[in-house]
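Comments concern the structure below.
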Amino acid sequence: MSLWTSEEAALATGGKSTCDWVATGVSIDSRTLSPGDLFVALADVRDGHDFVAVA
């Protein structure tokens, strides 16, 4: 089951996608990612952008 395609995510965020992909899950915690998950980096006490490379 797909949650989002790259095109849908780009439209929802006003961003751009450099390749086609399909997200089957979503997480804000890089430690809980599964293959196919979309990682959403949030800035709070810890900045999720610091974990993008790991995700």
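No value in this document is a laboratory result; all are computed from the given coordinates. These numbers come from a predicted model, not from an experiment. Positions of Cβ are generated from backbone atoms using ideal geometry, with glycine treated the same way; all protein chains shown enter the neighbour counts.
This table checks each residue for (1) of a type in the set (Lys, Arg); (2) exposed (fewer than 15 other Cβ atoms within 10 Å of the Cβ); (3) in a loop (DSSP other than H, G, I, E, B).
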{"residue": "9", "(1), (2), (3)": "no, no, no"}
{"residue": "12", "(1), (2), (3)": "no, yes, no"}
{"residue": "20", "(1), (2), (3)": "no, yes, yes"}
{"residue": "31", "(1), (2), (3)": "yes, yes, no"}
{"residue": "50", "(1), (2), (3)": "no, yes, no"}
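Check segment 33-48 and report whether any residue there is among the hydroxyl-bearing types (Ser, Thr, Tyr) and out of contact with any strand residue (DSSP E or B) (no Cβ under 7 Å at 6 or more places or on another chain).
For segment 33-48, residues among the hydroxyl-bearing types (Ser, Thr, Tyr) and out of contact with any strand residue (DSSP E or B) (no Cβ under 7 Å at 6 or more places or on another chain): absent.
Kindly provide the set of residues from segment 33-48 that are in a loop (DSSP other than H, G, I, E, B) and at negative phi, ordered by number. Break it down stepwise before answering.
Looking only at segment 33-48, we keep the residues that are in a loop (DSSP other than H, G, I, E, B), and these are 33-36, 40-42, 44-46.
Hits for segment 33-48 are 33, 34, 35, 40, 41, 42, 44, 45, 46.
Show the residue pairs that are 6+ apart or on different chains and have beta-carbon atoms under 8 Å apart, the first residue being within segment 1-21 and at negative phi and touching a residue at least 24 places away in the same chain (Cβ under 8 Å), the second being exposed (fewer than 12 other Cβ atoms within 10 Å of the Cβ) and part of a helix (DSSP H, G or I).
If the second residue must be exposed (fewer than 12 other Cβ atoms within 10 Å of the Cβ) and part of a helix (DSSP H, G or I), the pairs left are 4/12.
Quick check on my filter: what residues within segment 33-52 are more than 23 Å from residue 3 (Cα to Cα) and touching a Ser or Thr at 6+ places or on another chain (Cβ under 7 Å)?
Selection gives nothing.
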